[in-house]
Structures are given as structure tokens and as C-alpha cells.
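> Can you read through this structure? Questions will come right after.
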Amino acid sequence: MSPAASPELRLVLAVSLDGRLAPAEGGAAQLGGAADRLVLEEALAWADAALVGAETLRRHGSTCLIHSPALLEARRSEGRGAQPIAIAVSRSGRLPAALPFFRQPLDRWLLQAAAVPGPTPPQGFDRHLPLESWPQALGNLAALGQRRIAVLGGAQLAAALAAEDLLDELQLTVCPRLLGGPHGWLPANARVAPAARAGWRLVEHRALPGDELLLRWRRPGAQGVTS
């Protein structure tokens, strides 16, 4: 369960009917249509920052941006930047400089396991933070003003947070495809914290065009804003 000093964490994913993120042979599944894109942008508009795993960035090349004029204007009217901060999560801290991610119009932070940040962030990043433990890292992010965080994957990142009961909300768009294979949104060997295994509350369900279904659950005892 997230301590009071931690940000709100909302996992945001598009999944197949059988709960897969990618086809059996691997690679990017490109799940979700225009309606899923809009609800993803709604989550990004809610967020102060977005966590994305390094392997997800390597596979897709970039992170998601808000394009909706209404959502961009709403953020501006609240005195916030157009885009949430993109926080790359990496053990090595090494991401190819040629990735389109480094040309996207947003602030980029690096959260690196066992890192000892120096006076200058790695090239392409605006800030470099250590990941000694998830409670420590999230506490640092909260202290830096990142109170609402969208978690954009991948599965290993979701599993690490679920193992410590740090996910406050699940936002899943279920897409009308069957993919099979091992690439579930939680790995087969994932360990979920006992407190997070049951009792989730459905706070929103919305039929989307293209036969997609948006589902949002809150974990037991989660506090904070749900919209």
C-alpha cells in the first residue's frame, strides 16, 4: 500500500482479450484504436509524470504524448506543462541516442537502479535520480512535485510495483483480439503483494468505439483523486 508520502500510481495499458501486451512471437502489438488513444491521453493529462521502462522505449522508440487540444488547454489553464515529465526506468541507464524519444517535446528524467547521480544528468535527460528501492524512489518523486504518475509499462515495471503493492489504480483498455503466448501484462512468474490480491473496486467502465472496453479499478484502501 502506498504510504502517504508517495505519489498516486495509475497503470495504463491496452491488453488483448487474453490479457497479453504483445503477440506470441514478441514485438510491439500495437493494441488499441483511436478511442484507446484518447483515454490514454486523458490519463496523461491527469498525470504529473509518466514512468516507462527502458525496454518499452527501445521497442517502441518513443513515449506517448498528449495531442488533444482540449486536454492541452486544460493543462495550461492549471499552470502545468503541456506534457507530463517522461521518466525512463533503467538498470544500465543506457538508451540509444537515436531514439525518437530524445526528440520529443517533453522533459526527460532517468530513474536508474544503483545509480549515483553526478552533477550533470546523462545526455538527453534533464534529471538523474537513483532507484535504490521503489518506496525511496517514489518518495523522491513526490518531494519533487510528482504527485500523480501514470505507469505506461512494460510488464517487468508493472510486476515490480505490484510486488510491493504500490499500484493505486489499474486502467486497462481491453481490445477485441486474442494473441496467446507468454507476454501477459504481468509476467507468469510475477509476485503480487498479498494486500493487492483482492478487493479492487471498479470505479469506471466505458464502452469505446471499435468494440474496446475501458476498465478502471482502485486497489483496497487507495486514497486520492480517481478522475
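> Is it the case that some residue within region 138-145 is surrounded by fewer than 16 Cβ atoms within 10 Å (Cβ to Cβ) and not small (Gly, Ala, Ser)?
yes
> Shifting gears a bit: Out of all the residues in region 147-158, is one or more surrounded by 15 or more Cβ atoms within 10 Å (Cβ to Cβ), out of contact with any strand residue (DSSP E or B) (no Cβ under 8 Å at 6 or more places or on another chain) and of a type outside the set (Lys, Arg)?
Taking every residue of region 147-158 in turn, none turns out to be surrounded by 15 or more Cβ atoms within 10 Å (Cβ to Cβ), out of contact with any strand residue (DSSP E or B) (no Cβ under 8 Å at 6 or more places or on another chain) and of a type outside the set (Lys, Arg).
> Next up: Can you tell me how many residues in region 5-32 are of a type outside the set (A, V, I, L, M), at pLDDT 90 or above and in a loop (DSSP other than H, G, I, E, B)?
The total comes to 3.
> Can you pull out every residue in region 170-209 that is exposed (fewer than 13 other Cβ atoms within 10 Å of the Cβ), touching a residue at least 60 places away in the same chain (Cβ under 8 Å), touching a strand residue (DSSP E or B) at 6+ places or on another chain (Cβ under 9 Å) and over 19 Å from Gly26 (Cα atoms)?
The one that is exposed (fewer than 13 other Cβ atoms within 10 Å of the Cβ), touching a residue at least 60 places away in the same chain (Cβ under 8 Å), touching a strand residue (DSSP E or B) at 6+ places or on another chain (Cβ under 9 Å) and over 19 Å from Gly26 (Cα atoms): Arg206.
> Among the numbered conditions (1) surrounded by 13 or more Cβ atoms within 10 Å (Cβ to Cβ); (2) touching a residue at least 24 places away in the same chain (Cβ under 8 Å); (3) hydrophobic (A, V, I, L, M, F, W, C), tell me where Ala115 comes up short.
With (1) surrounded by 13 or more Cβ atoms within 10 Å (Cβ to Cβ); (2) touching a residue at least 24 places away in the same chain (Cβ under 8 Å); (3) hydrophobic (A, V, I, L, M, F, W, C) applied to Ala115, the lone miss is (2).
A quick yes/no check of all residues on (1) in a loop (DSSP other than H, G, I, E, B); (2) polar (S, T, N, Q); (3) over 12 Å from Arg91 (Cα atoms); (4) at pLDDT 95 or above:
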position	(1), (2), (3), (4)
Phe102	no, no, yes, yes
Pro105	yes, no, yes, yes
Leu111	no, no, no, yes
Ala115	yes, no, no, no
Thr120	yes, yes, yes, no
Phe125	yes, no, yes, yes
Ala142	no, no, yes, yes
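> Another question, then. Name the residue, out of Leu106, Leu129, Leu57, that is free of Cβ contacts under 8 Å to residues at least 60 places away in the same chain, under 30 Å from Leu208 (Cα atoms) and touching a Phe, Trp or Tyr at 6+ places or on another chain (Cβ under 9 Å).
Leu57
> Within region 203-211, is there a residue that is more than 22 Å from Ala54 (Cα to Cα) and among the acidic types (Asp, Glu)?
Within region 203-211, one or more residues are more than 22 Å from Ala54 (Cα to Cα) and among the acidic types (Asp, Glu).
> Also: Taking the conditions exactly as written (at pLDDT below 95 and under 26 Å from Leu21 (Cβ atoms)), does Arg59 satisfy them or not?
yes
> Pairs, please: C-beta under 9 Å, at least 6 apart or cross-chain, first residue over 10 Å from Leu110 (Cα atoms) and free of Cβ contacts under 8 Å to residues at least 12 places away in the same chain and in region 78-92, second of a type in the set (A, V, I, L, M, F, W, C) and part of a loop (DSSP other than H, G, I, E, B)?
none
> Please give the number of the condition Pro130 fails out of (1) within 20 Å of Arg10 (Cα to Cα); (2) in a strand (DSSP E or B).
(1)
> Tell me which strands (runs of 3 or more DSSP E) are completely within region 147-227 and hold 1 or more residues being under 20 Å from His60 (Cα atoms) and of a type outside the set (S, T, N, Q), or say none if there are none.
Where strands (runs of 3 or more DSSP E) fall fully within region 147-227 and carry at least 1 residues being under 20 Å from His60 (Cα atoms) and of a type outside the set (S, T, N, Q), they are 148-151, 169-175.
> From the list Gly224, Gly210, Gly153, which one is in contact with a Leu (Cβ under 9 Å, 6 or more places away or on another chain), at pLDDT below 95 and not basic (Lys, Arg)?
Gly153
The values are calculated or read from the model by the stated rules, or taken from the named source; none is laboratory data. As the structure is a computational prediction, the values presented were derived from the model and not from experiment. A quick note on method: Cβ atoms are made from the backbone with ideal geometry, for glycine too, and the neighbour counts reach across all protein chains shown.
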